[in-house]
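Right, one structure below, let's go through it.
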Amino acid sequence: IENIEKKHGEIISTLLNNTQVIKIVDRDNRSSQEIDDLAEKGIKVLKERNLESYLLDDTVIKKLCESVGKIEEYDECIREKNEALTASIDRGNASDDYKSARGDIYNALKKRLELKQCGNNADSFIRDTLSPLITPDMDVYKKLDAEIFGNINEGENA
């Protein structure tokens with residue numbers, strides 16, 4: 001998305017009348033200067049390392065457990081999520097790199113909660129099963145709303 005020129009966004013906006021195009025990227029290891037440079041190009045940068053940091057938040061996993069009637073498995077799901085993150089760190093990834101741990105987290109949650117038709121891989125699981133669980137009353141929703149749309153309450157949720 002960083003290489004999409006402003007013109008492409010304008011073309012999309014024209015094609016989709018009354019649609020505002022928002023360009024946003026993961027923070028990854030970007031320096032403050034890189035973030036400033038992207039901002040000058042109209043590209044927003046998430047505050048967390050990657051989008052998976054939000055989508056694999058403990059509150060989302062709790063809601064997943066509730067949605068399948070297995071809230072008693074919540075603590076074990078969080079333990080397994082943390083184990084997957086530790087294994088990712090042991091492979092040389094950053095301590096907050098949920099993108100690198102997502103496959104192991106997906107497999108652990110699918111097995112522990114005996115999930116069926118939840119997505120064929122980690123990416124589809126996150127997109128199709130987890131993201132719909134995020135609702136406006138959740139802090140993770142409010143954070144994303146503030147970071148993506150510039151919610152006026154951003155300071156309260158940062």
Practice item. For residue 79, indicate whether it is out of contact with any Ser or Thr (no Cβ under 9 Å at 6 or more places or on another chain) and open to solvent by less than 80 Å² (accessible area, probe 1.4 Å). Key: no
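For residue 73, state whether it is closer than 15 Å to residue 140 by Cβ, in contact (Cβ under 8 Å) with a residue 40 or more places away in the chain, crowded, with 17+ Cβ neighbours inside 10 Å and charged (D, E, K, R).
No; evaluated as a whole, the condition is false for this residue.
Across region 110-134, which residue is nearest to residue 65 (Cα to Cα) among those that are part of a loop (DSSP other than H, G, I, E, B) and open to solvent by 40 Å² or more (accessible area, probe 1.4 Å)?
114
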Review point. Has region 104-118 got at least one residue that is among the hydrophobic types (A, V, I, L, M, F, W, C), within 15 Å of the chain's Cα centre (by Cα) and closer than 19 Å to residue 59 by Cα?
Key: yes
Point to revise | Residue in region 45-61 that is in contact with a Ser or Thr (Cβ under 7 Å, 6 or more places away or on another chain), modelled with pLDDT of 95 or more, crowded, with 19+ Cβ neighbours inside 10 Å and not acidic (Asp, Glu) present | key: yes
**Study point:** Residue selected from region 1-30 under the condition farther than 17 Å from residue 145 by Cα, under 23 Å from the mean Cα position of the chain (by Cα) and open to solvent by less than 50 Å² (accessible area, probe 1.4 Å), by the criterion modelled with the highest pLDDT
**Key:** 30
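For region 80-103, how many residues are polar (S, T, N, Q), over 13 Å from residue 122 (Cβ atoms) and touching a helix residue (DSSP H, G or I) at 6+ places or on another chain (Cβ under 8 Å)? Before you say what the answer is, go through the steps one by one.
Filtering region 80-103 down to residues polar (S, T, N, Q) leaves 82, 86, 88, 93, 95, 100.
From what's left, over 13 Å from residue 122 (Cβ atoms): 82, 86, 93, 95.
After this cut, where a residue has to be touching a helix residue (DSSP H, G or I) at 6+ places or on another chain (Cβ under 8 Å) as well, the list is 93, 95.
Result for region 80-103: 2.
The values are calculated or read from the model by the stated rules, or taken from the named source; none is laboratory data. This one's a predicted model, so the numbers in the text were calculated from it and none came from an experiment. When we count neighbours, we look across all protein chains shown, and the Cβ atoms used for this are built from the backbone with ideal geometry, even at glycine. Only protein heavy atoms, including side chains, enter the accessible area calculation; ligands, DNA and RNA are left aside. Shrake-Rupley method; radii C 1.70, N 1.55, O 1.52, S 1.80 Å.
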